[in-house]
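Colleague: Questions regarding the structure given below will be posed in turn.
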Amino acid sequence: MTQHKHMVNTLVASTLMATMAMGAAHAAVTADEAAKLKSSLTPLGAEKAANKDGTIPAWDGGLTQATGAKVGDVPANPFPNDKVVLQITAKNAAQHADKLSEGTQALLKKYPDTFRVDVYQTRRTASAPAYVYDNTFKNATRCKTKDTGWSVEGCFGGIPFPIPKDGFEAIWNLQLRVEAESLSYGFRNMVTSSDGARALATRNDINFQHPYYYKDGSPESWSGEYLMQRFNATEPPFKAGESLVFRDSIDIKNSRQAWQYLVGQRRVRRAPTVAYDTPDFVASGANYFDEVQGFLGAIDRYNWKLVGKQEMFVPYNNNGLVTAKLDDAFTKHHMNADKTRWELHRVWVVEATVAPGKRHAVPKRRFYLDEDSWALTLMDGYDAEGKLWRTTQAYPFVVPAIPAVVIKTVSVFNLQAGTMSTVQALNGEAYRVVPRKSESFFTGDAVAADAAR
């Protein structure tokens, strides 16, 4: 090889490596593609039409009003006349395997006498405010990924990639799914042991704020922080008064700032490990921090692959489950099948595998994202040998006060240990959309000031 050719090849290789390291921004879709959001696609990017046999109906605008009893802002039963149209148990699971996740099949096999999938009529309740639709349409042609896909730019106030081209774009749709500007609720983290015994890990009051969805915001004024949360523990007595606050950002170099207040130490300290696969002390370590709400936090431990879209039975419109009394919502080993609603929906399947040079306790995950809302419905986690290890069931419910389909309560099953961690169980608590707070409320200084009173 001549010296000149060697220099050229070295330069090309160096340039390629630098480009991969920086992560070239992915192009947004064309104006012609974006126009589909006003014709064949819903404003958030789902297929508007029904499926071939009509078991998934056409989207007609979602649920923006509901009658009947409510718990906070959550309708207790938006569809009181709906009946079970199909019941899947361990005995007939094989007949429906093409529409069941591997994790769901594993639970049917593990708990054949109690776990089942009660399928109801599909209700496409997902909706969003008009300003979110407008921003989603704009995002389609202005929003881009950068930093190898682990961050975004040019996005604001709507689904960032309503017509996703890869797994990075799809997972950002989950991260930046439709939320209220601000909300508050109480929740319990419940841990179920292998013998089926259920115990309270913590009970907490929490506030969430979503600057990405401020009605008066814009891509230019947005700081990049998309989620702020602060909670205070009230039970059990030895944890009462503890507090955790964190702020999540699209900046991969500073993706989460977190502070923790411990009553015994009487001080606020930075909590940099409250992220990724650190055991979640709020749930007695029974799940990882990034398993809260199905998946919460930075995406930069993984590479993300968009597998495709398929029709699947998934938990959906679980207003009845999340508003049920605590004892009615749970049974031994899993949530009460009598209260859990499943429906047939089209979902995006996204696979996450640990990126080169990174590590995570769960080296491979498979996500099932609802096409209508981009909410997580199910997630399966695999160990280093490729064996199914964990499975998460999210319980999306519809909140017309936003309006949106949202996820808060999830159950994380450790299939090998036989345990379940139910995170942010709303049962017996009130979920409310509230006026947004000063962002200074979500700081370590604010926690310290309140603790000193």
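The values are calculated or read from the model by the stated rules, or taken from the named source; none is laboratory data. What you see is a predicted model, and the numbers here were worked out from it, not measured in a lab. Please note: Cβ atoms are built from the backbone with ideal geometry, for glycine as well, and neighbour counts cover all protein chains shown. Note: areas computed on protein heavy atoms with side chains; ligands, DNA, RNA excluded. Shrake-Rupley method; radii C 1.70, N 1.55, O 1.52, S 1.80 Å.
Colleague: So, in segment 397-430, of the ones that are part of a loop (DSSP other than H, G, I, E, B), open to solvent by less than 20 Å² (accessible area, probe 1.4 Å) and out of contact with any Leu (no Cβ under 8 Å at 6 or more places or on another chain), which residue ends up farthest from GLY62 (Cα to Cα)?
Modeller: GLY418
Colleague: So, one more: For segment 290-301, give me each residue that is open to solvent by 10 Å² or more (accessible area, probe 1.4 Å) and either modelled with pLDDT under 95 or not aliphatic (A, V, I, L, M) (or both).
Modeller: Across segment 290-301, the qualifying residues are ASP300, ARG301.
Colleague: Then there is this: Conditions: (1) open to solvent by 50 Å² or more (accessible area, probe 1.4 Å); (2) part of a strand (DSSP E or B); (3) farther than 30 Å from SER194 by Cβ. ASN254 meets all but one. Number of the miss?
Modeller: Here ASN254 meets the rest and fails (2).
Colleague: Is one or more of the residues making up segment 309-331 buried (at least 20 other Cβ atoms within 10 Å of the Cβ) and farther than 30 Å from TRP59 by Cβ?
Modeller: Within segment 309-331, one or more residues are buried (at least 20 other Cβ atoms within 10 Å of the Cβ) and farther than 30 Å from TRP59 by Cβ.
Colleague: Tell me the helices (runs of 4 or more DSSP H) entirely within segment 80-191 that contain at least 3 residues that are out of contact with any Phe, Trp or Tyr (no Cβ under 6 Å at 6 or more places or on another chain).
Modeller: The helices (runs of 4 or more DSSP H) meeting that bar are 102-110, 130-142.
Colleague: Checking the condition more than 16 Å from ARG198 (Cβ to Cβ) and in contact with a strand residue (DSSP E or B) (Cβ under 8 Å, 6 or more places away or on another chain), which residue from ASN336, ASN319 passes?
Modeller: When all the criteria are applied, what remains is ASN319.
Colleague: Follow-up question, since we're still on this one. Among the residues of segment 1-18, are any crowded, with 19+ Cβ neighbours inside 10 Å and either part of a strand (DSSP E or B) or modelled with pLDDT under 95 (or both)? Give the steps one after another, and end with the answer.
Modeller: Filtering segment 1-18 down to residues crowded, with 19+ Cβ neighbours inside 10 Å leaves none.
The answer is no; no qualifying residue exists.
Colleague: Is at least one residue of segment 231-245 open to solvent by less than 20 Å² (accessible area, probe 1.4 Å) and assigned to a loop (DSSP other than H, G, I, E, B)?
Modeller: no
Colleague: Please enumerate the residues belonging to segment 106-142 that are surrounded by 19 or more Cβ atoms within 10 Å (Cβ to Cβ) and among the polar types (S, T, N, Q).
Modeller: Once the filter is applied, which keeps residues that are surrounded by 19 or more Cβ atoms within 10 Å (Cβ to Cβ) and among the polar types (S, T, N, Q), segment 106-142 yields THR122, THR125, SER127, ASN135, THR136, ASN139.
For (1) over 25 Å from THR392 (Cα atoms); (2) within 22 Å of the chain's Cα centre (by Cα); (3) touching a residue at least 40 places away in the same chain (Cβ under 8 Å), each residue gets a yes or a no:
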{"position": "THR30", "(1), (2), (3)": "yes, no, yes"}
{"position": "GLU33", "(1), (2), (3)": "yes, no, yes"}
{"position": "SER39", "(1), (2), (3)": "yes, no, no"}
{"position": "GLY45", "(1), (2), (3)": "no, yes, yes"}
{"position": "ALA66", "(1), (2), (3)": "yes, no, yes"}
{"position": "VAL74", "(1), (2), (3)": "no, yes, yes"}
{"position": "LYS91", "(1), (2), (3)": "no, no, no"}
{"position": "GLU102", "(1), (2), (3)": "no, yes, yes"}
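Residues are listed down the side, and each one gets a yes or a no for (1) of a type in the set (Gly, Ala, Ser); (2) open to solvent by 10 Å² or more (accessible area, probe 1.4 Å):
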| site | (1), (2) |
| --- | --- |
| THR192 | no, no |
| ALA197 | yes, yes |
| ASP205 | no, yes |
| GLY217 | yes, yes |
